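Below: the structure, in structure tokens.
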Amino acid sequence: MKGQLRLVPHYEVIVCPPEESFRWYSHDYPWHLAKFNYHPEYELHLNRISSGTMMVGDYLGDFGPGNLVLTGPNVPHNWVSNIAPGEVIRTRDMLIQFTPDWAEKIAGLCPELGRLRALFDDAAWGVEFSGLTARDGARMLEELGTATGPDRFFLFLRLLERLGRNPADRRKLSRQAPLEAAALPGQVDRAMRFLNENLSEEIDLTTAAAKAGLTPQTFSRAFKRQTGHTFASYLVMARVYAACTALTQSHAPITDICFDVGFNSIANFNRQFLKITGRTPSDYRRAAHRIAAEGHDVTEQFSPRESRISGGKG
């Protein structure tokens, strides 16, 4: 049996100075904390001047200068720049971190800030900003680095308000929100749990509806209303998501993974994987393993049984 590689994000402890309500800082790359990590705080992250590969939740894709992303509590994230050995990118990263309690206080401060709740809800998937929102957000984030006193607080409010103003300028990155963010009716929740636990089996709408205790027609409408997806499209997405996890955490042959997650054709698996992730399975694995290894001192060879590469903080 081939050895396994586990992409495990490390927990980062965020320390905010007692005289500050949020943490702002900037750092170079490489940086000892710039590794695959998660933490309970929201993080607004700007990559100022480089390009490479980012992983946010289960999303893996390219980024370039001006990449601005907001991650919610406990969403794993990392940005790996394409650099030559020994190269250092000065002040590559600029970011703000703030607690969920602080986010709730800000969103409830006044009716004018009410739309921030939608922004914070979207952050459970990780959101990337584009267009004028990204440009304004990057500029205001840099300005915060020199702001002090009340000016710092009011600029922070203006920044959040600007990010939440135009939903069309942000896109969710992960395909699935953290389980804590899900609030589904019992019937749909039972069916989805059955689906996720039996992806390798033949599953059809009638079987899933029976698990929910509903007729196929009623279940189909309820499922679409609650998840935003048809049952068939969600099943494909869940299988691709499971394949992403297997590709990230193991060296198992891609053909084996294809059948293990419930696809009955390697051609269909490759087609659906590329459609959903924008990458081939082999390219996704290479990029994910690169992120897992980036910033680590790998001193052990993969054993025939299992080997682990721990993630880091940052």
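Derivation of every value follows stated rules applied to the coordinates shown; laboratory data play no part. As the structure is a computational prediction, the values presented were derived from the model and not from experiment. Reconstructed Cβ throughout: ideal geometry from the backbone, glycine too, with neighbour counts over all protein chains shown.
Below are the figures for this structure:
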| item | result |
| --- | --- |
| Dipole of region 184-278, positive end: most advanced residue of 242, 196, 222 [Cβ charges, Cα centre] | 222 |
| Listed residue (164, 284, 22) projecting farthest to the positive dipole end of the chain, Cβ model | 284 |
| Burial order of peptide ranges 162-170, 72-80 (average beta-carbon count within 10 Å, highest first) | 72-80, 162-170 |
| Cα gyration tensor shape of region 104-214, rounded if a/c is under 1.5, else prolate or oblate by comparing a/b with b/c | prolate |
| Between region 42-78 and region 111-139, the Cα center-to-center distance that results, in Å | 14 |
| Dipole magnitude (debye, nearest 20) for the chain, charges at Cβ of Lys, Arg, Asp, Glu | 780 |
| Helix axis angle, 216-227 relative to the chain longest principal axis, alpha carbon, degrees | 20 |
| Scattering curve values for region 184-278, log₁₀ I(q)/I(0), Debye with Cα scatterers, q = 0.17 Å⁻¹ | -0.73 |
| Local electrostatic count, residue 165, Cβ distance below 14 Å [Lys/Arg +1, Asp/Glu -1] | +1 |
